[in-house]
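Asks: Got a structure for you, written out below as structure tokens; questions coming shortly.
Please treat every number below as a calculation from the coordinates, not as lab data. Source: prediction; values computed, not measured. So basically every Cβ, Gly included, is an ideal-geometry build from the backbone, and we count neighbours across all protein chains shown.
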Amino acid sequence: MDDLRTGGIAILDYGSQYTQLIARRVREGGVYSEVFAHDAPAEHVNRNAPLGYILSGGPNSVYEDGAPQLPDYLLASGKPILGICYGLQALVHALGGTVEASPKREFGQADITHYHPSPLFDGLPPQLAVWMSHGDKVTRLPEGFTPIAESANSPYAAIADMTRGYYGVQFHPEVTHTPQGAQLLAAFTQRVCGCVPKWTPAAFIETTIAQVRARVGDERVLLGLSGGVDSAVVGALLQRAVGAQLTAIFVNTGFLRLHEAENVLRVFRDEQHMNVVYNDATELFLDELQHIREPEAKRKRIGKLFIDVFSAEARALEGVRFLAQGTIYPDVIESAQNSKAAHVIKSHHNVGGLPDDMHFELIEPLRDLFKDEVRKVGKALGLPDSIVYRQPFPGPGLAIRCLGELTLARLDKLRHADAIFLEELEKANLLVGDTAQCFAVLLPVQAVGVMGDQRTYEEVVALRAVQTDDFMTADWARLPYDLLATVSRRIVNEVRGVNRVVYDITSKPPATIEWE
Ligand code: XMP
């Protein structure tokens, strides 16, 4: 427990797809919040002494057998509670009110009017646009409650028992479709619960550095640097905390993008002054991968080779006690919910599968951060935008974007075409981090073309650009035709051996984002 994380908010998850969003919105207001399963043990939920609780929405009906209810410690705590959607219904049910199935379901945008003064809506206009998504509704309030806002369909769009600090909203303040939602959550956390907004990147950095120093003492720490945002931010943090004791291993598989290895070395070695062991294993990877075509076989071989190279470098370092990893909060929530295990290492992480005889104690300084917070911390640590806003890049890299034979010449062709695409997207300001992934793919087919008076018979590049929220589904980006025209012209003119460029207009599903 530390000062930075105490006095925040505990969020109980009743199964809503928006639960993580609640935590992010609360934190954007400067108040630390954590997500727990609704039936997590009280000691766990209360470990950081939260000043209030938020109950998420969820898919159940509170009056049905087996529906998740309020845990006993909640009402006994005497602390404020905000119920959102199902959370409101669970609160009402627990306190003796009535919730029933509603003949009129309410989905989407709605307007609410708040007419009863309350700390929740104080300072907001009397009419607010909100996002509703519910079938059940409250039909009788528990004793002590008053309605404070209504919509056309919900006389109880927001309710309160201000004496006890109990609030409920039928709508979702955490989604962007509720424009004043963040203010409403801040009103609950600060006015009602009395939380002090102290969760900032600067405070996080200061606290984390002190914690890492205390834990590491004068021992050595190892880090696998990939160039991705998470490992980069862990690296920059540890460099500040225990610089001289930190060694990063950076393996170049040969499947990185144009100038990527140089860029990583420049930033970490030259600008951050980090000890970086650089292993250019391009030849090894190419030798081993050249004749493998099947995508999963490529992934397995690359993963194994990576571990071999990484662990050989790690063994060469003497007396390393700690291994730093870029695990972030969504991984922690997911693994806790999937397995109920408290401490699971990210399974797809590059160094997750070290040989059994190699033992390190893990340091995971970003375990409590959402991706957008990781980026803010990265910015505050002075990392360049090219790293902080880097799009996700798969571990096997260009090996799964170079379809057909994996040779240096073909990989260079792909690197060059990819760099042109990214450069033009950047010029057009379309290369935005969080929600997009854009890249080139080299296809294993040749097409006929004509250049000057010459017939050509060369390879085809496919461009892929998608918009996505979670990488589980994605839609192809409607890029401007003029931009596509420029990219196509530049690629066929500047990249030898390519005479045709196509744009992938398939969504996921049925396609995947990568081609392999
Ligand atoms: P797909 O192609 O499955 O990709 O729609 C979804 C997201 O996952 C990334 N991806 C990978 N990341 N190792 C990784 O680290 C992999 O083998 C791998 N395959 C796909 C992909 O880039 C996209 O962001």
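Asks: Can you run phi through the Karplus equation (6.51, -1.76, 1.60; θ = phi - 60°) for segment 412-427 and list ³J(HN,Hα) in whole Hz, with x for Gly and Pro?
Replies: Residue by residue, segment 412-427 yields 5, 4, 5, 4, 5, 4, 4, 5, 5, 4, 5, 5, 5, 5, 5, 4 Hz.
Asks: While we're looking at this one, here's another question. For segment 3-94, which chymotrypsin sites (Phe, Trp or Tyr not before Pro) are in a loop by DSSP, counting at most 15 other Cβ atoms within 10 Å? Working shown, then result.
Replies: On the way: sites: TYR14, TYR18, TYR32, PHE36, TYR53, TYR63, TYR73, TYR86; in loops: TYR14, TYR18, TYR32, TYR63.
Sites meeting the loop and neighbour criteria: TYR63.
Asks: Give me the distance between the Cα centres of segment 146-175 and segment 364-401, rounded to whole Å.
Replies: Result: 38 Å between the Cα centres.
Asks: Calculate one ³J(HN,Hα) per residue across segment 37-49 by plugging θ = phi - 60° into the Karplus curve 6.51 cos²θ - 1.76 cosθ + 1.60, and present them in order as whole Hz with x for glycine and proline.
Replies: Working through the residues one at a time gives 4, 4, 10, 5, x, 3, 4, 5, 4, 9, 4, 9, 6 Hz.
Asks: Please order ARG390, ARG47, ARG27 by the number of other Cβ within 10 Å, starting at the fewest.
Replies: ARG47, ARG390, ARG27
Asks: Taking amide H positions as placed 1.01 Å from N in the peptide plane, with prolines and chain starts having none, which residues 5 or more places from GLY8, or on another chain, fall under 5 Å of its amide H?
Replies: Those lying under 5 Å, H to H, from GLY8 are LEU51.
Asks: Quick one: compute a quarter of the convex hull surface over the Cα atoms of segment 58-136 and quote it in nm². If you can, show how the numbers build up before the last one.
Replies: Working: hull surface 25.8 nm².
Orientation-averaged projected area of the Cα hull: 6.4 nm².
Asks: Kindly write out, for segment 257-274 in residue order, the coupling ³J(HN,Hα) from the Karplus curve 6.51 cos²θ - 1.76 cosθ + 1.60 (θ = phi - 60°), rounded to whole Hz, with x marking Gly and Pro.
Replies: With the stated coefficients, segment 257-274 comes to 7, 4, 6, 5, 5, 4, 5, 4, 5, 4, 5, 7, 6, 7, 8, 8, 6, 8 Hz.
Asks: Could you state the number of Å between the C-alpha centres of segment 453-509 and segment 241-268?
Replies: 29 Å
Asks: List the aspartates and glutamates whose Cα sits under 16 Å from the Cα of LYS104, skipping any in the same chain fewer than 8 residues away.
Replies: By straight Cα distance, LYS104 reaches ASP136, GLU150.
Asks: Could you give the spread of the C-alpha atoms of segment 254-326 along their three principal axes, from largest to smallest, in whole angstroms?
Replies: 39, 30, 23
Asks: Calculate the length of the line joining the C-alpha centroid of segment 403-445 to that of segment 213-227, in whole Å.
Replies: Between the Cα centres of segment 403-445 and segment 213-227 lies a distance of 34 Å.
Asks: Further question on the same structure: Going through segment 228-270, which trypsin sites (Lys or Arg not before Pro) have at most 14 other Cβ atoms within 10 Å and a DSSP loop state?
Replies: Of the trypsin sites (Lys or Arg not before Pro), not one in the loops of segment 228-270 has a Cβ with at most 14 other Cβ atoms within 10 Å.
Asks: In terms of modelled amide H atoms, which long-range or inter-chain residues lie less than 5 Å from the amide H of TYR503?
Replies: Long-range HN contacts for TYR503: LEU463.
Asks: Now a separate question. Could you tell me the extents of segment 367-516's C-alpha atoms along the three principal axes, largest first, rounded to whole Å?
Replies: 59, 31, 31
Asks: Using Cα-only point scatterers and the Debye equation, what is log10 of I(q)/I(0) for the chain at each q in 0.06, 0.09, 0.13 Å⁻¹, rounded to two decimals?
Replies: Computed log10 I(q)/I(0) values: -0.36, -0.76, -1.23.
Asks: Using the Kirkwood radius built from alpha carbon pairs, what does the Stokes-Einstein equation give as D for segment 184-292 at 37 °C and 0.692 mPa s, in µm² per second?
Replies: It diffuses with D of about 199 µm²/s by this estimate.
Asks: Excluding residues on the same chain fewer than 8 positions from LYS304, give the lysines whose Cα lies under 24 Å from its Cα.
Replies: Of all the lysines, those that pass the test against LYS304 - Cα under 24 Å, at least 8 places apart if same chain - are LYS346.
Asks: Which residues' amide hydrogens lie under 5 Å from the amide hydrogen of ASN252, considering only partners 5 or more residues apart or on another chain, with H built in the peptide plane?
Replies: Here ASN279, ASP280, ALA281 satisfy the definition.
Asks: Of the listed pairs LYS376/LYS413; LYS198/LYS376; LYS376/LYS427; LYS79/LYS371; LYS427/LYS508; LYS379/LYS427, which have alpha-carbon separations greater than 25 Å here?
Replies: Going by Cα-Cα distance, LYS376/LYS413; LYS79/LYS371; LYS427/LYS508 fall outside the 25 Å limit.
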